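The values are calculated or read from the model by the stated rules, or taken from the named source; none is laboratory data. Since we're looking at a predicted model, the values are computed, not measured. For neighbour counting, all protein chains shown are included, and Cβ atoms are generated from backbone atoms with ideal geometry for every residue, glycine included. Heavy atoms of the whole protein, side chains included, go into the accessibility calculation; ligands, DNA and RNA do not. Shrake-Rupley method; radii C 1.70, N 1.55, O 1.52, S 1.80 Å.
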Amino acid sequence: MKSKRTVPGGPGRAILFAAVALLFVLLTAFSRPCAAGALAALERCGSTLIPSLFPFLVLCGFAVRCGFAQRCGRLFAPLTRALFCLPGCTAAVILTAWIGGYPVGARGIRSLLDRGAITAEQAARMSCFCVGAGPGFLVAAVGEGIFHSTALGLLLLAAQLFSALILGVVTGISARRNGTLPTEKEASSHPEPAGEALVSSVADGTQAMLSLCAFVVLFGAFLGLCGQLRLPALLAAALKPLGVPVPAGTALLPVLLEVCSGAAAAAAS
């Protein structure tokens, strides 16, 4: 008897195919608002994202490739071991992540892991507290741009850095309880010459920046589609009986898409 062939995934796959078909229809029917959303996202990339993040992406990669992170680790090893239960080479990446934001942190952690300077377990722990927004975004975009208050932006930055410090200490305590020791590992490759390290860092930073901007533009198009379908307003109306203010409910969907795009881009980098 011939066995019946089944589609992998079953009903879940059918739902996925239906969603893809629906997106094709919606993107075709509402191509103009989708294009407007993508264009607005692309303008944000050019005006804010690339100028604020790209230099830090290159600097973080250069610090790892030229050996600065390892040299810096010799100075800060006692501090990173005591606070985070991490080797000293992570100090430069942690610092640039707190200054440049989560894409810079993700890129630096990946560089250390690829070069054999840290273990996968240490990289996972670093990802817990190297994921904040950069000072430029919190102070300029959020503080001054949204709330028209530089002081509030600085307060948000201080709160974020303090929470990152607490998370780093807590994950370090957990690692010690599990018997993990912050031993220094020899990198699998030697430091590169400054010129070669700069060229490689620019190339890697460009690739990471393109990936990040691609996700931002993609989700910008989705936001344009959601606005045309009035999904944020519908979500706010549904959450209003639960006590959620209308402005917060309206902003919920854009915030979720923004976080998803950032997380996806950080993982891809």
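For this structure, a couple of remarks:
- Matching entry among Leu257, Leu252, Leu234 (being modelled with pLDDT under 85, aliphatic (A, V, I, L, M) and open to solvent by 70 Å² or more (accessible area, probe 1.4 Å)): Leu234
- In segment 187-246, the qualifying residues are those that are assigned to a helix (DSSP H, G or I) and of a type in the set (Val, Ile, Thr), and the one that is farthest from the chain's Cα centre (by Cα) is Val246.
Every residue, every condition in (1) open to solvent by 10 Å² or more (accessible area, probe 1.4 Å); (2) in contact (Cβ under 8 Å) with a residue 60 or more places away in the chain; (3) in a helix (DSSP H, G or I), yes or no:
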| position | (1), (2), (3) |
| --- | --- |
| Leu57 | no, yes, yes |
| Val93 | no, no, yes |
| Trp98 | yes, yes, yes |
| Val104 | no, no, yes |
| Arg107 | yes, yes, yes |
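- Only one of Ala19, Ala41, Ala36 that is exposed (fewer than 12 other Cβ atoms within 10 Å of the Cβ), modelled with pLDDT of 75 or more and farther than 30 Å from Leu86 by Cα: Ala19
- Members of segment 109-145 found to be of a type in the set (Val, Ile, Thr) and in a helix (DSSP H, G or I), listed by number: Ile109, Val139, Val142
- Considering the conditions (1) under 30 Å from Gly195 (Cβ atoms); (2) among the aliphatic types (A, V, I, L, M); (3) at pLDDT below 85, Met1 is excluded by exactly one of them, (1).
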